[in-house]
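The values are calculated or read from the model by the stated rules, or taken from the named source; none is laboratory data. Nothing here was measured: the structure is a model prediction, and the numbers come from that model. Cβ atoms come from the backbone with ideal geometry, glycine included; neighbour counts cover every protein chain shown. With ligands, DNA and RNA removed, areas are computed over all heavy atoms of the protein, side chains included. Shrake-Rupley method; radii C 1.70, N 1.55, O 1.52, S 1.80 Å.
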Amino acid sequence: MRVILFLTLLIVSSACTVPVKKITYQPQAEIDLSKEVFEEELVPIQKPLELVDAEKENWSFQVPVGWSLEEKQIATELPREAQRQLLVKNTDKDIILGGFLPDDYYLEPVTQELNVEKYTESFIAINLLVYEGEVDFYDLSWDEFFADFYPEVKEFNSRELLGQPDLKAVVVTATDGVWLGSQRIFVHVEDRFYDLSLHYKNNEVNVAEEAFRNFITNFQF
Amino acid sequence: MKWLFWWAVLFMLVGFGSLQAETVLLPDVSFKSQSPPGDWMNNMNCGPTAALVLGAYYKRFDPETADLKSLLDWLYAEGLIYPQAYAEYYDGNVTNVWHLEQILENFFQLGEVQRSNNFDYDFLRQELAKGNPVIVGVNINMNATSFGHFMVVVGLSDTEVIVHDPGKTYGDYNHYSLDKFQASWATSNYASLVVQSKGAVWYPDGSLVQVVGDNNVYLVKDQRLYWIKNEAVFNAHHFDWLKILPVRAEVLDCFPYGGEINQSPYRELYRVGDTYYLYEKPTFIASTCTLSQFTSLAALNSWKLPLVVQEIGSISGLYGSCMHGTTQYFRDGTLIKPTEAAFGFGEGVVFVATNNGELKPFVDWETFQLMGYDQLELFHVNEAELQSATRFFGEAISKMDALFCGEASYQIQVVTQPESVDDDGDGFSEQDGDCDDQNPSSYPGASEICDEVDNDCNGEEDDGLIEECVTSCGLGRHYCEDGHWNGCEIYEFTLEIEDGVDNDCDGLIDEGFVISEDTSPLDVDNDNDGYTPNQGDCDDWSPEKNPGHPEICDDLDNDCNFLTDEGDVCAEGESVTCSFSCPADMNAHVWFGIASHKSGSSLEVTIPVSELCLRGEPWLDFNCVCRQPEWSCFDWTVAEVSCDQTHEVKSGVVDFVGEGEVWFPDLTCH
């Protein structure tokens, strides 16, 4: 449901200037945005995030002011792995996105005293993985892509990206494996596949989702 | 009957020596995915699930969803993790190796915690070979760019790692290339965790075991250990010294102690027709006896009794006076090897006899080897002999049977940040500031010693190593240079006094003392050699030249007769002989004169002083050099040097740092 909530939020273009509408999506067998049924309710006004232009790896996009942009080191150039990785977060400290905590995460494991010099448990982060180059991504179907790179994916549905209706995008609706990220969307542009995921902890969900929405909306794929 | 297949395949090789399997695989590790409970969305149960897989493996149960829920409940109750804010209750939360360690130690109560930094494939292979699955910190889909994740290594080949991936519904025995695994494992700094059995191995009844390094030999009987009191008792029971299995001390924890075997039985063998009987008394003087019948000659032969068989017409007489003993089959502890396929077993099968007539095969060669049976003699029988001395075929012995005896204890080995591990046992890890965690003499606060090493981890080697020294020439200082103390460098010379001695070691004797004004300079013995110029001293500043000095081979007119080196004094020059000995894998090298060089494994050189002095001072340099490959290393300090002249061995600071030098203080070069 969280994925669906996110996707419906994507189509709300005026979130930064008018009271935000919380939208609940009633799932249907076939996704047809024109036929979706929304229930609307008012939620408190929040101050919109102030954005700043950013560029990385020939991509231009916008991130909230004061957020950090990290081009994560790709450990290897092994097949079936992302070739590039960007991490946008509202903190300069390290964060944990997977289920594995490094050994120095706690200064004192017994009391779980956090190593605050290095890590934070309060964050919003957008993780972008880019797959390109290894195979003919131009003609690769979504089925083939998921079979190769995300074998745990069993079902997915197409989505229209807010402000970028011509792009091919999908969200995963069923897996038989662990699926991390409170929101996650895949985009296929020419010879590249993008995996964008939102992660937050001890932060306001509205802020996190707005940041994710803005990031995707302004990203020049 | 799966083991029949294994035997057909694997034990073909028993007779040909050892089998080194390329793939190590634990086939019996039950799998559990991390969901359910919870759902797959943001499920963080990979760590607890990996620990559950290990706990279930060692506790021998199949892990279920309810077990994972119980474990998560325990983690929450202990405050070790907290439910995620935006996820299902049983989606768990992030964990690290420490959490898993707590689970194994306190939830499953598997043992104590030990840390090390074995993180290579050999480590994994060794643990797997011992039957230990290994938890590793990797990434989802073993993709180094994906999110952090725990998996359990259950197999390893030369090209692949085989894992249980709790992050998938069908995550059991997933294969990944070693390249992919290594890249992913590296992202967690090779975090891994293993519950390591102490090597305690179970043995069937009839086995003779001896702890390595201990003299005591025990018999396993009724799954208890009986100490065989001494050699006489051992021999009287006709136990076979070649059947003793060397075991680790932990095996003593496996079996309860049964007592000691301290009596030497008395035995005789009888034959009536084709039937053999064992007559036995508890001791030679005992009045009671037992008469036992062997099922066949093969059974008797397996006992290896060094007794003469007495043929008698009837056994009735003995039966009348003795108790009827148990019918004897193959002797317990004997390794029975059929010479051909028999009773559906493959040709390679080997059984161990136990429980008087039960034959237990081994599931695979690794188990056979693990238990140490590969070192013992096999007793070869044909099918008829096999049948004649066997009561029944028992369950095959698996590695699980071999590794987990009774109340065996386990130790947990945790491998996380290598930096946090004190490798050299000096009390400091790299994380604690140990600048060389492979050298126990280096750690913060250690005393600096003269060894070319930064002992106190302040970033400098041999710093501050200066010692005061005193010689006849004055006060000086020793300095540590290149890992060696140099000679005493004099900074405050002894005061020269008028005593005919060079007190301040400047080469002059009694210099600076006032000579009375009316004394002719030609009457002054400046070099204190007993002669003045007026007395014929041709060089009053050199004690080697005066009318009383013998002519020597030094290119000087020593005896002041206006002739130099006359009288063939140079015909047989003075020489020095030194021997140099280096370790076995090194050659000694010696350089002297202008460009003379000799080398050899053990070197003795005789050098004319005249050649030695071609350098201006009497010295040579030497070194010990590795042979394979040549000059791959060198170390002069390992050389043993002896000379027939007074000599001093120093570090090579004049010619080349890294060499040794031999100086001859009593020799003078002219």
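So in region A:194-208, with the set limited to residues that are within 10 Å of chain B (Cβ to nearest Cβ) and more than 12 Å from A:ASN90 (Cβ to Cβ), which one is most open to solvent (accessible area, probe 1.4 Å)? Here the answer is A:VAL205. Candidates are the residues of region B:327-356 that are of a type in the set (Gly, Ala, Ser) and closer than 23 Å to B:TYR277 by Cβ; the one that is farthest from the chain's Cα centre (by Cα) is B:ALA353.
Of all the listed residues (B:ASP67, B:ASP62), the sole one being open to solvent by 60 Å² or more (accessible area, probe 1.4 Å) and out of contact with any Pro (no Cβ under 8 Å at 6 or more places or on another chain) is B:ASP62.
If you filter region B:182-198 down to residues that are aliphatic (A, V, I, L, M), buried (at least 24 other Cβ atoms within 10 Å of the Cβ) and within 13 Å of another protein chain (Cβ to nearest Cβ), you find that the one that is nearest to B:ILE103 (Cα to Cα) is B:LEU193. Looking across region B:70-90 at every residue that is away from chain A (no Cβ under 14 Å) and aromatic (Phe, Trp, Tyr), the one that is most open to solvent (accessible area, probe 1.4 Å) is identified as B:TYR89. If the Cβ limit is 6 Å and pairs must be 6+ apart or interchain, which residue in region A:108-122 that is away from chain B (no Cβ under 12 Å) pairs with which residue that is polar (S, T, N, Q) and surrounded by 12 or more Cβ atoms within 10 Å (Cβ to Cβ)? From residues that are away from chain B (no Cβ under 12 Å), the pairs are A:THR120/A:THR91.
Remark: A:ASP176 matches the filter, which requires a residue to be within 14 Å of chain B (Cβ to nearest Cβ), among the charged types (D, E, K, R) and open to solvent by 10 Å² or more (accessible area, probe 1.4 Å).
Condition check: in contact with a strand residue (DSSP E or B) (Cβ under 6 Å, 6 or more places away or on another chain), more than 13 Å from every other protein chain (Cβ to nearest Cβ), without any contact (Cβ under 8 Å) to a residue 24 or more places away in the chain and open to solvent by less than 10 Å² (accessible area, probe 1.4 Å). Does A:ALA211 satisfy that? Against the criterion (in contact with a strand residue (DSSP E or B) (Cβ under 6 Å, 6 or more places away or on another chain), more than 13 Å from every other protein chain (Cβ to nearest Cβ), without any contact (Cβ under 8 Å) to a residue 24 or more places away in the chain and open to solvent by less than 10 Å² (accessible area, probe 1.4 Å)), A:ALA211 does not qualify. Of all the listed residues (B:TYR279, B:TYR266, B:TYR270), the sole one being buried (at least 16 other Cβ atoms within 10 Å of the Cβ), under 27 Å from B:ASN230 (Cα atoms) and of a type in the set (Phe, Trp, Tyr) is B:TYR279.
Screening B:ASN558 with (1) at pLDDT 85 or above; (2) open to solvent by less than 40 Å² (accessible area, probe 1.4 Å); (3) within 30 Å of B:PHE622 (Cβ to Cβ); (4) in a loop (DSSP other than H, G, I, E, B) gives one miss only, at (3).
Within the span defined as region B:572-592, one or more residues are over 30 Å from B:PRO629 (Cβ atoms), in a loop (DSSP other than H, G, I, E, B), out of contact with any helix residue (DSSP H, G or I) (no Cβ under 6 Å at 6 or more places or on another chain) and free of Cβ contacts under 8 Å to residues at least 40 places away in the same chain.
Just name the residue that is most open to solvent (accessible area, probe 1.4 Å) out of those in region B:136-165 that are part of a loop (DSSP other than H, G, I, E, B) and facing chain A (nearest Cβ under 9 Å). So the residue we want is B:SER146. In this structure, B:TYR279 does not satisfy being at pLDDT 90 or above, under 24 Å from B:PHE379 (Cβ atoms), over 51 Å from the mean Cα position of the chain (by Cα) and not in a loop (DSSP other than H, G, I, E, B).
Annotation: B:VAL201 fulfils all but one of (1) in contact with a strand residue (DSSP E or B) (Cβ under 9 Å, 6 or more places away or on another chain); (2) surrounded by fewer than 23 Cβ atoms within 10 Å (Cβ to Cβ); (3) within 30 Å of B:ILE244 (Cβ to Cβ); the unmet one is (2).
So, A:PRO151, is that one within 11 Å of another protein chain (Cβ to nearest Cβ) and either open to solvent by less than 20 Å² (accessible area, probe 1.4 Å) or free of Cβ contacts under 8 Å to residues at least 40 places away in the same chain (or both) or not? The answer is yes for A:PRO151. Number of residues in region B:45-56 that are away from chain A (no Cβ under 14 Å) and either open to solvent by 20 Å² or more (accessible area, probe 1.4 Å) or touching a strand residue (DSSP E or B) at 6+ places or on another chain (Cβ under 6 Å) (or both) equals 2.
The condition of being open to solvent by 10 Å² or more (accessible area, probe 1.4 Å), within 26 Å of A:ALA174 (Cβ to Cβ) and in contact with an Asp or Glu (Cβ under 8 Å, 6 or more places away or on another chain) holds for only one of B:ASN42, B:ASN93, that being B:ASN42.
Of everything in region B:194-222 that is part of a loop (DSSP other than H, G, I, E, B) and out of contact with any Asp or Glu (no Cβ under 9 Å at 6 or more places or on another chain), the residue that is modelled with the highest pLDDT is B:ASN216. Of the residues B:SER264, B:SER177, B:SER207, the single one that is among the small types (Gly, Ala, Ser) and within 14 Å of chain A (Cβ to nearest Cβ) is B:SER177.
Taking the listed residues B:ASP179, B:ASP172, the one that is among the charged types (D, E, K, R), open to solvent by 10 Å² or more (accessible area, probe 1.4 Å) and part of a loop (DSSP other than H, G, I, E, B) is B:ASP172, with no other qualifying. Within region B:318-360, the residues that satisfy the criterion of being out of contact with any Gly (no Cβ under 8 Å at 6 or more places or on another chain), open to solvent by less than 10 Å² (accessible area, probe 1.4 Å) and either of a type in the set (Asp, Glu) or outside any loop (DSSP other than H, G, I, E, B) (or both) are B:LEU335, B:ILE336, B:PRO338, B:ALA342, B:PHE351. Against the numbered list (1) open to solvent by 70 Å² or more (accessible area, probe 1.4 Å); (2) touching a helix residue (DSSP H, G or I) at 6+ places or on another chain (Cβ under 7 Å), A:PHE156 comes up short only at (1). Looking across region A:88-111 at every residue that is touching a helix residue (DSSP H, G or I) at 6+ places or on another chain (Cβ under 8 Å) and in a strand (DSSP E or B), the one that is least open to solvent (accessible area, probe 1.4 Å) is identified as A:VAL88. For first residues located in region B:598-618 and closer than 22 Å to B:THR668 by Cα, partners that are open to solvent by 40 Å² or more (accessible area, probe 1.4 Å) and acidic (Asp, Glu) and lie 6+ apart or on another chain with Cβ distances below 7 Å form the pairs B:VAL609/B:GLU574.
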